[in-house]
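The values are calculated or read from the model by the stated rules, or taken from the named source; none is laboratory data. This structure is a prediction, so every number in the text was calculated from the model and none was measured. Positions of Cβ are generated from backbone atoms using ideal geometry, with glycine treated the same way; all protein chains shown enter the neighbour counts. Accessible surface is based on the protein model in full, side chains and every heavy atom, while ligands, DNA and RNA are left aside. Shrake-Rupley method; radii C 1.70, N 1.55, O 1.52, S 1.80 Å.
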Amino acid sequence: MDRKITLPLTDEDARSLRAGDYVYLSGVIYTARDAAHKRMYEALENGESLPIEMQNNVVYYLGPTPARPGHVIGSAGPTTSSRMDKYAPKLLDLGLKGMVGKGKRTQEVIDAVVRNGAVYFAAVGGAGALLSKCIKKADVVAYDDLGTEAIRRLEIENLPVIVVIDSEGTNLYATAAEQWKK
Amino acid sequence: MRTVQVQTVTDTVREMCISVNHQLSSDMVCKLTEAVKIEESPLGKQILGQLVENMDIAKTEMIPICQDTGMAVIFIEIGQDVHFEGGNLEDAINEGVRRGYTDGYLRKSVVRDPIERENTKDNTPAVIHYSIVPGDGVKITLAPKGFGSENMSRVFMLKPAQGIEGVKEAVLTAVAEAGPNACPPMVVGVGVGGTFEKCAILAKKALTRNVQEHSSIPYVADLEKELLEKINSLGLGPGGLGGRMTALAVSVETYPTHIAGLPVAVNICCHVNRHIVREI
């Protein structure tokens, strides 16, 4: 089913999404990948606060190319999510409602998605030029020294994603290939 | 003896870095365009359509095809009658990468040390493979490699008794495990033979081949066709979300090996299989 969803992601919207839904996301989303996750995780371990609010927000696993002059951002597709698996359950337990990336997740992440009524979306990997057109504003809000890996606040319009793991724990990667196997 | 100024190498590498990250070679464009027609899954067709549109936007608006503009892998063939002048060749190559990635607004994805992980901020150094060949030419092949797919690549040290069936099993195992992480539809480079490191270099080199051509060795060409068919029966499909087009091409390179061994390397590349060649 095709859906249009505005971020931040409400509990109600998150729970209404089903694995296989094609969704256009609009609103505010935050980028974070390997180094930013490591730093946020360490901040929590040290009892410090996070630089961005987790509650009902969605994180996009993205490290963009630099913006050309006059452009908002450079190429901006998803990176492989599995490298964030170590950190994701903790962020989900703090209220993170959704993640946009690509590729498989561990059972620990799936369990945390179910426990918190959250969603894991996949964007099309390797379509960074196309996806960049959906980003209308981009500002670094934390960890500027990390360059491409800094946390950015993005304003997006109709970013196309697919629900891979829904709040009930259904995993599209586990079922989709079976259907097409010869 | 022919003299080549290293500045020419720098300028050439710079231009190659920018070009290859915005425009795929015509063989890759043909394969992706064909894939849209072949795919049976509606979602798979939609994803492939996005990838074709993405290629057009990248080329016309100069936005890199993928945000992972890779680590620069360079194969340089140097004629033995060439003399380089004006500085160190390796420095000249890295200067080309530095300028290309900076001037071309490409992502700097290289860290100085694998454990300490401080970004070098200019995407250097490149990984450079040199070979000395007859003549007085210089041929540079650049293949920037993204790590979503690089991380899913494997080396298998098989026993000779496992033979060609063992090779097939190794390739299918690597592709199935890679799944959605490697951004299918993939291009699969396979190196068979040599030593531990030689088979990995062969697999990387296989990825720089024209994806519309098969090996000139008949049994290897048959192996490439059979592997592609088997991979496209796995059902992974575009984005790993189900469908026929799990791989666009399989390229296999072979080399003599030891009586006791059968090394096999599987270097997986996503659909953004970038390769470009220039001769100086």
Practice task
Write out, first by first residue and then by second, each pair whose Cβ atoms fall under 9 Å of each other, whose residues are 6+ apart or on separate chains, and whose first residue, in the stretch A:20-39, is within 10 Å of chain B (Cβ to nearest Cβ) and closer than 14 Å to A:S82 by Cα while the second is of a type in the set (F, W, Y) and open to solvent by 20 Å² or more (accessible area, probe 1.4 Å).
Solution key: A:A35/A:Y143; A:K38/A:Y87
Problem - Enumeration of residues in the stretch B:15-24 that are over 17 Å from A:G128 (Cβ atoms) and either modelled with pLDDT under 95 or open to solvent by 50 Å² or more (accessible area, probe 1.4 Å) (or both) - result: B:E15
Problem - Test: residue in the stretch A:115-122 that is more than 8 Å from every other protein chain (Cβ to nearest Cβ), of a type in the set (A, V, I, L, M) and open to solvent by less than 60 Å² (accessible area, probe 1.4 Å) - result: yes
Handout entry: Among (1) within 13 Å of another protein chain (Cβ to nearest Cβ); (2) farther than 18 Å from A:A123 by Cβ; (3) without any contact (Cβ under 8 Å) to a residue 24 or more places away in the chain - the single one A:A67 does not satisfy
Key = (3)
Exercise for the section: Residues being among the polar types (S, T, N, Q) and within 21 Å of the chain's Cα centre (by Cα): count how many of those fall in the stretch B:117-138. Expected result: 3
Fill in the blank from the handout: Within the stretch B:54-93, of all residues that are away from every other protein chain (no Cβ under 14 Å) and on the phi > 0 side of the Ramachandran plot, the one least open to solvent (accessible area, probe 1.4 Å) is B:G87
Practice task
Answer with yes or no whether A:Y41 is out of contact with any Leu (no Cβ under 8 Å at 6 or more places or on another chain) and open to solvent by less than 10 Å² (accessible area, probe 1.4 Å).
Solution key: no
Handout entry: Those residues of the stretch B:103-127 which are loosely packed, with under 14 Cβ neighbours inside 10 Å and touching a residue at least 60 places away in the same chain (Cβ under 8 Å), in sequence order
Key = B:D103
Practice task
For the stretch B:220-230, enumerate the residues that are within 11 Å of chain A (Cβ to nearest Cβ) and touching a helix residue (DSSP H, G or I) at 6+ places or on another chain (Cβ under 7 Å).
Solution key: B:K230
Exercise for the section: Check whether at least one residue in the stretch B:31-45 is within 30 Å of B:G137 (Cα to Cα), basic (K, R) and touching a residue at least 12 places away in the same chain (Cβ under 8 Å), and report yes or no. Expected result: no
Practice task
Only one of these is more than 19 Å from A:K38 (Cβ to Cβ) and open to solvent by less than 10 Å² (accessible area, probe 1.4 Å): A:L92, A:L131. Name it.
Solution key: A:L131
Practice task
State whether the residues of the stretch B:63-74 include one that is modelled with pLDDT of 95 or more, assigned by TED's automatic domain parsing to the domain that holds B:D103 and over 24 Å from A:S132 (Cβ atoms).
Solution key: yes
Problem - Of all residues in the stretch B:233-276 being farther than 23 Å from B:M55 by Cα and within 14 Å of another protein chain (Cβ to nearest Cβ), the one that is least open to solvent (accessible area, probe 1.4 Å) - result: B:G235
Handout entry: Set B:A174, B:A178, B:A143: member being away from chain A (no Cβ under 12 Å), crowded, with 18+ Cβ neighbours inside 10 Å, closer than 24 Å to A:P78 by Cα and over 13 Å from the mean Cα position of the chain (by Cα)
Key = B:A174
Problem - Residues of the stretch A:136-149 satisfying the condition of being open to solvent by 60 Å² or more (accessible area, probe 1.4 Å) and within 11 Å of chain B (Cβ to nearest Cβ) - result: A:D145
Exercise for the section: Of the numbered conditions (1) outside any helix (DSSP H, G or I); (2) open to solvent by 40 Å² or more (accessible area, probe 1.4 Å); (3) away from chain A (no Cβ under 14 Å), B:V4 fails exactly one; give the number of that condition. Expected result: (2)
Practice task
With the condition kept exactly as written, say whether any residue in the stretch A:73-83 is open to solvent by less than 10 Å² (accessible area, probe 1.4 Å), assigned to a helix (DSSP H, G or I) and either free of Cβ contacts under 8 Å to residues at least 24 places away in the same chain or more than 14 Å from chain B (Cβ to nearest Cβ) (or both).
Solution key: no
Exercise for the section: With the checklist (1) more than 10 Å from every other protein chain (Cβ to nearest Cβ); (2) out of contact with any Asp or Glu (no Cβ under 8 Å at 6 or more places or on another chain); (3) closer than 16 Å to A:V28 by Cα in hand, flag the one item A:K133 doesn't pass. Expected result: (1)
Fill in the blank from the handout: Within the stretch A:150-182, restricting to residues that are farther than 30 Å from B:R244 by Cα and not acidic (D, E), the one that is surrounded by the fewest Cβ atoms within 10 Å (Cβ to Cβ) is A:R153
Fill in the blank from the handout: By residue number, the members of the stretch B:27-53 that are assigned to a helix (DSSP H, G or I), open to solvent by 10 Å² or more (accessible area, probe 1.4 Å) and either over 23 Å from B:S251 (Cβ atoms) or of a type in the set (V, I, T) (or both) are B:V29, B:T33, B:V36, B:I38, B:P42, B:L43, B:K45, B:Q46, B:G49, B:Q50, B:V52, B:E53
Exercise for the section: Taking the residues in the stretch B:209-222 that are part of a helix (DSSP H, G or I) and over 21 Å from B:A35 (Cβ atoms) as candidates, determine which candidate is most open to solvent (accessible area, probe 1.4 Å). Expected result: B:Y219
Problem - B:K225 vs. criteria touching a residue at least 60 places away in the same chain (Cβ under 8 Å) and assigned to a helix (DSSP H, G or I) - result: no
